[in-house]
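Q: Can you keep this structure in mind? I'll have questions shortly.
Please treat every number below as a calculation from the coordinates, not as lab data. Fair warning: this is a prediction, and the values are worked out from it, not measured in the lab. Note: ideal-geometry Cβ built from the backbone for every residue, glycine included; neighbour counts use all protein chains shown.
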Ligand code: KIV
């Protein structure tokens with residue numbers, strides 16, 4: 001698997017046309033970008049979840065475009081085969097469409113091949129403007145974490161028929177505006193299935209059931225490096241526990257005087273020991 005994943009290749013990945021599900025995961029730094037790329041994922045998202053899982057904030061509203069560019073650059077330096085998507089932080093695409101284009105360009109110059117932004121029909125002018133600047137856009141509807149205060153918390157969206165209808169129209173509008181794929185987050189499985197059948201571009205689910213054209217997950221949730229996780233997260237490793245155990249073992253060796261050993265030290269020559277007044 002050496003061929004670079006491209007936007008048109010992802011755009012074509014509808015399961016209804018026989019395609020394999022799209023695999024998308026977050027990464028925020030070079031070592032983990034290498035890890036996920038070597039695992040063969042299709043898309044790496046440098047998400048604004050960096051605010052929570054790496055920088056210790058309680059929500060995603062605390063990062064700006066320069067923070068995201070910093071992390072996009074770190075992931076890009078791993079030269080992944082996967083498509084690299086940079087997340088647009090809150091308030092970097094909500095004002096004038098020209099601001100949205102300029103901010104999207106910051107992520108592209110840092111190494112992103114596409115950008116993602118949250119919201120439905122209200123975001124269509126920004127999506128059109130960014131696409132007009134030849135920057136591919138991934139949409140994101142449903143539970144949009146940047147709207148945490150407007151939603152009154154992290155709640156599953158589209159549970160009622162009217163809200164479900166709004167969400168279907170949002171997804172359709174984003175697809176028509178030019179999004180090459182759309183993340184569906186925190187929506188009932190049947191609604192995700194319906195949207196997936198209705199729109200021409202792939203849907204990528206997170207807490208949206210199995211019918212989407214792909215799935216995305218936050219890497220630190222999957223690896224056991226985050227605290228509490230939503231019910232849709234399946235943990236495939238407990239790296240936090242393993243890392244703490246490793247550091248404890250090292251600390252114990254330091255305290256016992258067994259680290260570093262002679263083999264782990266740069267040995268001085270006999271002449272130097274003599275010059276330093278040490279016994280040889
Ligand atoms: O920022 C992020 O990690 C995301 C995913 C949860 C889709 O938007």
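Q: Which one of 228, 269, 258 has the biggest mean-square fluctuation once the chain is modelled by GNM with Cα springs under 10 Å?
A: Of 228, 269, 258, the most mobile in the Gaussian network model is 269.
Q: What is the distance, in nm, between label points placed 7 Å from the Cα along the Cα-to-Cβ direction at residue 161 and at residue 255?
A: 6.5
Q: Still on this model: Which angle from 0 to 90°, rounded to the nearest 10, does the C-alpha axis of helix 65-76 make with the longest principal axis of the chain?
A: Roughly 70 degrees between the two axes.
Q: While we're looking at this one, here's another question. Starting from the Cα of residue 11, move 7 Å in the Cα-to-Cβ direction to define the label point; list residues of segment 127-142 whose amide nitrogen is under 18 Å from there.
A: In segment 127-142, the label zone of residue 11 (backbone N under 18 Å from the point 7 Å along Cα→Cβ) covers 127-140.
Q: Still on this structure, please answer the following. Which of rounded, prolate, oblate describes segment 7-237, given a ≥ b ≥ c as roots of the alpha-carbon gyration tensor eigenvalues and a/c under 1.5 marking rounded, otherwise prolate only if a/b is larger than b/c?
A: It comes out rounded by the Cα gyration axes.
Q: Hey, fewest Cβ within 10 Å first, where do 55, 184 land in order?
A: 55, 184
Q: With each pseudo-label sitting 7 Å past Cα toward Cβ, what's the residue 197-residue 67 distance in nm, one decimal?
A: 4.0
Q: At R0 = 25 Å, how high is the FRET efficiency between residue 3 and residue 77 if r is their beta carbon distance? Nearest 0.05 is fine.
A: Approximately 0.80, to the nearest 0.05.
Q: Right, another one. With 10 angstrom as the radius, rank 231, 248, 14 by how many other C-beta atoms surround their C-beta, starting from the fewest.
A: Result, fewest neighbours first: 231, 248, 14.
Q: In a Gaussian network model over the chain where Cα atoms closer than 10 Å are linked, find which of 264, 193, 38 has the largest mean-square fluctuation.
A: Of 264, 193, 38, the most mobile in the Gaussian network model is 264.
Q: Nearest 500 deg cm²/dmol is fine: what mean residue ellipticity at 222 nm does the chain get from its DSSP H runs of n ≥ 4 alone, each adding -39,500 (n - 2.57), divided by its residue count?
A: -11500 deg cm²/dmol
Q: On a 0 to 90 degree scale, rounded to 10, what angle separates helix 239-256 from the longest Cα axis of the chain?
A: Value to nearest ten degrees: 10.
Q: May I ask for the angle, rounded to the nearest 10°, between helix 161-177 and the longest principal axis of the chain, with both axes built from Cα atoms and the value confined to 0 to 90°?
A: 80
Q: Now for a different question. Given R₀ = 22 Å, what would the calculated FRET efficiency be for residue 236 paired with residue 34, taking r from the Cβ atoms and rounding to 0.05?
A: With R0 = 22 Å, the Cβ-Cβ based efficiency is 0.80.
Q: Can I ask one more? Compute a Gaussian network model of the chain, connecting alpha carbons closer than 10 Å, and tell me which residue from 87, 200, 213 fluctuates the most.
A: Most flexible of the set in this elastic network: 200.
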